Amino acid sequence: MWAIDQGDGTVQLDNIPWFIRGIACGDVVVTEPDEEGVRWAGEVVRRSENCTIRLIVFRDGRSGAARQSVINAFQQLWRRRRGHRTVRHGGLGRSAHR
């Protein structure tokens, strides 16, 4: 995980947590260093307004259209509610323009 040190034993997540449920980019989590100084994430202490949505796409020829329909639906929703959004790294993510 990429994260921004908050200087108080917490970090703000700075990428999409693909394999961790219950957290999203921008959330602030407590960290604990191990004996080698590697910091391990603990509980969420402040939630962002972001969410992580995972899609499972199979290589069976039908999933591509389903994936695109989900992307289209979210892009329409985001344009109406909060402004411009982009698709990046195969996922649905916020653009740098908030």
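Just so it is clear, none of the values below were taken in a lab; they were calculated from the coordinates. Quick caveat: nothing in here was measured; it's all calculated off a predicted structure. Virtual Cβ from ideal backbone geometry, glycine too; neighbours counted across all protein chains shown.
For the range 28-78, GluC sites (Glu not before Pro) are listed when DSSP marks them as loop and at most 12 other Cβ atoms sit within 10 Å of their Cβ; the list is GLU35, GLU36, GLU49.
Assuming R0 = 35 Å, can you tell me the calculated FRET efficiency for the pair LEU55 and ASP5, based on Cβ-Cβ distance, to the nearest 0.05? Present the calculation step by step, with values, prior to reporting the outcome.
Values: r = 31 Å, r/R0 = 0.89.
That pair, LEU55 with ASP5, gives E of 0.65.
Between ASP27 and LEU13, SER48, the built amide H atoms are under 5 Å apart, and every one of these is 5 or more places off in sequence or on another chain. Working from label points 7 Å from Cα in the Cα-to-Cβ sense, the ASP34 to ASN72 distance is 4.6 nm.
How much length is gained on full extension from SER63 to PHE19, taking 0.36 nm per residue of separation minus their Cα-Cα distance? Display every interim value, and only then the final one.
On the way: separation 44, 0.36 × 44 = 15.84 nm, distance 2.05 nm.
Here the answer is 13.8 nm.
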